[in-house]
Each structure stands twice: as structure tokens, then as C-alpha cells.
Amino acid sequence: MFPTRDRFKEIIAAAPSGAARKKHPGKAVMAGGFAGGLEILCTFPTEYVKTQLQLDSKAVTPRYAGIGDCIKKTFQTHGFFGFYRGLSSLLYGSIPKASVRFMGYETLRNKMVDKDGKLTQTRTVLCGLGAGVMEAIVIVCPMETVKVKFIHDQNQPNPKYRGFFHGVKEIVKQEGVRGTYQGLTATILKQGSNQAIRFFVFNNLKASFQGGDNTKEIGMMRTFLCGGVAGAASVFGNTPLDVVKTRMQGLDRHLYRNTLHCAQEVLKHDGLKGFYKGTVPRLGRVVFDVAFVFTIYEQTMKLLDYAWKTD
């Protein structure tokens, strides 16, 4: 019989974290997808502002004086729901993205852990790196390309994309499938470094709270804290790659010959500060994003361990 609400609380409070055991990839797909879908609904407005600021290159006439100005003008022009333009592309992609990420990580982790269920520091980085590369190729690059084009299109005098499916149709029609894979190299670098940093920091902070016992439950608040710190570390570690990726996927992508040329142009027109445009809104989103996803993922895995016996 399906557990009651009180029983759910008991399961979450009492179930071991499972760090010492191998985790079933199928459960990782389900738990990751659930966490990813909830997360993007909560954080997309900050992603929208971040993308607008990164597209606002000094090589052309700047549209925004800063974060506040971007928020003000977006609201005045498009209203509250203007901050959710392009949401569909991310929502359709966030669920499979998180699923692929955690499935990739758990699959690699299962192959690399020692007999005590522990990973070395190097293997932790490699598992995170591998998970990031997988999600970049399978989901993130086409998803991000469509999202950036949607947001960039909104700034044009006559927007041409009427919705997610119409936008994808037009992109493929004009540029082929390759048009949804712009900035692939930058995306792989960004996502690979993202997940390498996040899983490394998260696992090390979690281990410090566990005090050497990797089956010890650290609680939701500490899990949230570990995730938040991991998210912040990834922002400061790879925002330059995120800026280059965004430029490569925008409607002005034709201005850049390749990823290296794009980076050179950012440096030429915007200086070193140009590589950190959008850092503040990205930091606000990512800290909550990573904390939320790791917390929901771990709690969902406990419920799945109760409902789906795979050991």
C-alpha cells in the first residue's frame, strides 16, 4: 500500500543517504528529472536577465545600464510574463538534462567506487566532468541554443518566433539541425567544468559533515547548504565560458568564426570584465538552483529506494 504522509516523513528522516551503496541509474533518471523540472520553474527569471545582459555586448549600442535597468525595461515592455520568454525551451530540456546528468554521474560513480563505496578526489572530478559532457552533447547545447535565440529574438523590432515548436522549426528550416548545435565546444567546456566543480565541492562538503561515515544522513538543511556552496563555486569558476557560450548561440553568432575568436572579440570590445557579465543574476540563480536540485534529488532517491527495491 502507498505510504501515508507521516510515513513519507519517517522514510526521509530515517533512510540512509546511500552514499556507500551503488545507486540505480534508473532511479537517478527519475529523481534528477523531477528535481530539474521543479528547479527551472522557480529560477527562470534570473536566467532570463543573465542572458539579456550577456547578449548586450558593448560592440553595439548597449540596451541596458545594469541589472535593475534590464528588469525595469523588460517589465515595462513585456510585463511579468516577459521574464518567462523562452521558458518552454528550458522546461522541455531541464527534465531530461537533470536526468542525463545524474544518470551519467551515478553510472560512472558505480564503476569507479572502491569496495567501501568511496571515490578518490580525482575520480570524483572525473565523474562530474563525464556527467557534464554527457548532458552538454545530448541535451544542453540544442536546448540552450533555442533558449538564447528566443530571448535574443525578443529584442528585435519584429520578433519572428511565436513559440517553442515554431522557433525550433524555423531554426532547423533556416540553419539545419546544425543550427541547434551552435557553440557546442563552449557548451561542453562549460557543462563539463560546471559539474566537475559542483560534484567535487558538494561531495567534499557532505563528507566533512558525515565525519568519515559515508552512510550518515546529514539532513536537508546541510544538503541545501552543500549544494549552494557548490553552485557558487561553479559560477566563479566558469562564468567566462558561459559568456562565450551565450554569444556563440545568439542571433549574432555569424560575427564569430569559432569559440576562440568569440573569446577574443569579448576581450577586445568588453575587456576582462566582459567575461563576467551577468555574474550577479547567474550567481543568484545557480546557488539556489544547485542547492534545490541536490536536495530534492537526494530526498526523491530515498522515496524511490523505499518504493522500488533494486539491491
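Taking the charge dipole of region 74-189 about its Cα centre, with +1 at Lys and Arg Cβ atoms and -1 at Asp and Glu Cβ atoms, the residue from Ile188, Tyr92, Gly82 reaching farthest to the positive side is Tyr92.
With one equal scatterer per alpha carbon and no solvent term, the Debye-computed log10 I(q)/I(0) for region 100-241 at 0.13, 0.18, 0.19 1/Å reads -0.68, -1.01, -1.08. Listed here are the pairs Lys27/Lys169; Lys50/Lys206; Lys111/Lys206; Lys169/Lys277; which of them are more than 26 Å apart at the Cα? Table pairs above 26 Å Cα-Cα are Lys27/Lys169; Lys50/Lys206; Lys169/Lys277. Using alpha carbon centroids, what distance separates region 213-251 and region 109-170, in Å? Rounded to whole Å, the Cα centres lie 14 Å apart.
Near the amide H of Gly278, within less than 5 Å, lie no amide hydrogens of residues on another chain or at least 5 residues away, with H placed in the peptide plane. Count Lys and Arg as plus one, Asp and Glu as minus one, and take only other residues whose Cβ is under 11 Å from that of Met220; the net charge is then 0. Each label point was placed 7 Å from the Cα along the Cα-to-Cβ direction; for Phe209 and Phe236 their separation is 2.0 nm. Taking the three principal axes of the alpha carbon atoms in the chain, the coordinate ranges are 57, 40, 37 Å, sorted in descending order. Could you compute how fast region 70-161 diffuses translationally, taking Rh as the Kirkwood radius over C-alpha pairs and applying Stokes-Einstein at 25 °C with viscosity 0.890 mPa s? Give it in µm² per second. It diffuses with D of about 158 µm²/s by this estimate. For the chain, the longest principal axis of the C-alpha atoms and the axis of helix 279-307 are separated by about 30°.
Computed from Cα positions, the angle between helix 164-175 and the longest principal axis of the chain comes to roughly 60 degrees. Sorting Arg247, Arg222 by accessible area puts them as Arg222, Arg247; the probe is 1.4 Å, largest comes first, and only protein heavy atoms count.
For Thr215, the accessible surface of its heavy atoms amounts to roughly 60 Å² (probe 1.4 Å, protein chains only, rounded to the nearest 10). Dividing the convex hull volume of the alpha-carbon atoms in region 188-249 by its residue count gives 79 Å³ per residue.
Charge dipole of region 65-194 (Cα centre as origin; +1 on each Lys and Arg Cβ, -1 on each Asp and Glu Cβ, all else neutral): 100 debye, rounded to the nearest 20. What the Cα atoms of region 266-307 give is an Rg and a Dmax of 17.8, 56 Å.
Label region 203-311 by shape, choosing from rounded, prolate and oblate, from the square roots a ≥ b ≥ c of the eigenvalues of the Cα gyration tensor; if a/c is under 1.5 it is rounded, and otherwise prolate applies when a/b is larger than b/c, oblate when it is not. Verdict is prolate for region 203-311.
Computed over the chain, the per-residue total of -39500 (n - 2.57) for DSSP H runs of n ≥ 4 gives a 222 nm mean residue ellipticity of -24000 deg cm²/dmol, rounded to 500.
Based on a Kirkwood Rh over C-alpha pairs, give the Stokes-Einstein translational diffusion coefficient of region 166-220 at 10 °C and viscosity 1.306 mPa s in µm²/s. Rounded to a whole number, D works out at 109 µm²/s. What the Cβ-Cβ distance of Gln264 and Lys160 gives, at R0 = 35 Å and to the nearest 0.05, is a FRET efficiency of 0.75.
Mean sequence separation of contacting Cα pairs (under 8 Å, at least six apart), scaled by the length of the chain, corresponds to a relative contact order of 28 percent.
Determine, from the Cβ-Cβ distance of Met220 and Phe75 and an R0 of 30 Å, the FRET efficiency 1/(1 + (r/R0)^6), rounded to the nearest 0.05. E between Met220 and Phe75, to the nearest 0.05, is 0.35.
The values are calculated or read from the model by the stated rules, or taken from the named source; none is laboratory data. Fair warning: this is a prediction, and the values are worked out from it, not measured in the lab. Here the Cβ is made from the backbone with ideal geometry for all residues, glycine too, and neighbour counts use every protein chain on show. Ligands, DNA and RNA are stripped out before the accessible areas are found, and what is left, the full protein with its side chains, is counted by its heavy atoms. Shrake-Rupley method; radii C 1.70, N 1.55, O 1.52, S 1.80 Å.
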